[in-house]
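Structure first, commentary second.
The values are calculated or read from the model by the stated rules, or taken from the named source; none is laboratory data. Everything numeric in this text was worked out from a predicted model, so none of it was measured. As a convention, Cβ positions derive from the backbone with ideal geometry for all residues, glycine included, and neighbour counts pool all protein chains shown. All accessible areas refer to the heavy atoms of the entire protein, side chains included, with ligands and DNA or RNA removed. Shrake-Rupley method; radii C 1.70, N 1.55, O 1.52, S 1.80 Å.
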Amino acid sequence: MDATFRGLTDPRRQLSGTGLSSALVIEDRHELLVGPKHPLADAPSVTPRQLADHPIWMPGLPSGDEVAAYYAEVGATFGITLDVLGPAFGAEVLMTEIADSATLANLVGEGSRYLWPAHYDLRRIPIVDPTPVFPLWVIWRTNNRQPDLAELLAFLKADFAGRQSSDRWRPSWARHGH
């Protein structure tokens, strides 16, 4: 079928001359990941403004790509401190550290799946008012006429249209004309 998903800060420019097309089809809602000792552990939901008092630990966050651009704008917009220091030893180490900490927190996409031991008692707390969403585009070869691809694209576009809400926050580069 030859389709992929990724964040794009400027799809027209990034895909110009490549023979590729794109459509914004997923907005991955963010959640706060904390351990049971964290001050927000028992909150049913949190707002981005509440996170300003709680640094978000994102060790090894890449720089210079759409992920970095997204988190930089989240931080600047809501006054959230992103701590990117330290090496990234993988999700397992990150979750182990968060489980034992009263201060460490991380942002995870609602669509991200992680497994951890039950005794970690980690909490995924929805972020609301507004909910930051990471935009993902489906990308495909413009000349691909495969019927399955057309069916997938129609499904993704309809599903995306049905999931729109006014309580979401997109980065500036994903708000207009994308």
Per the rule of 0.36 nm per residue minus the C-alpha distance, extending Arg175 to Leu85 adds in nm 29.4 nm
Across Arg124, Arg168, Arg113, the residue with the highest GNM fluctuation in the chain (Cα network, 10 Å cutoff) is Arg113
How large, in percent, is the carbon and sulfur part of the accessible surface of the range 29-74 at a probe radius of 1.4 Å?
52 percent
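For a Förster distance of 25 Å, can you work out the FRET efficiency between the beta-carbons of Arg124 and Phe5, rounded to the nearest 0.05?
Step by step, r from the Cβ atoms, then E = 0.70.
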Mind giving me the FRET efficiency for Arg12 and Ser166? R0 is 35 Å, r the Cβ-Cβ distance, nearest 0.05 is fine.
0.85
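Probe radius 1.4 Å, ligands and nucleic acids ignored: give me the carbon and sulfur share of the accessible area of the range 109-178 as a rounded percent. Let's see the in-between values first.
On the way: 2280 of 4240 Å².
Carbon and sulfur atoms account for 54 percent of the accessible area of the range 109-178.
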Given a 1.4 Å probe, how much area per residue of the range 48-178 is accessible, in Å²?
55 Å²
By how many nm would the segment from Val93 to Glu110 grow when fully extended, if each residue of separation counts as 0.36 nm and the alpha-carbon distance is taken off?
4.1 nm
So, how do all the Cα-to-Cα distances of the chain break down into 5 Å bins, in percent, from 0 on up?
1, 8, 15, 18, 18, 14, 11, 8, 4, 2, 0
So for the pair Ala72, Ala23, with labels modelled 7 Å out along Cα→Cβ, what separation do we get in nm?
3.1 nm
Residue (of Val93, Trp173, His30) at the positive-pole extreme of the chain, dipole from beta-carbon charges
Trp173
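Once you have a ≥ b ≥ c as the square roots of the Cα gyration tensor eigenvalues for the range 52-110, tell me rounded if a/c is under 1.5, and otherwise prolate or oblate according to whether a/b is larger than b/c.
Working: a/c = 2.04, a/b = 1.30, b/c = 1.57.
The shape class here is oblate.
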Putting +1 on Lys and Arg Cβ atoms and -1 on Asp and Glu Cβ atoms, find which of Ala52, Ser63, Val108 reaches farthest to the positive end of the dipole of the chain.
Ser63
For the range 21-178, the dipole about the Cα centre with charges only on Cβ (Lys and Arg +1, Asp and Glu -1), to the nearest 20 debye, works out at 440 debye
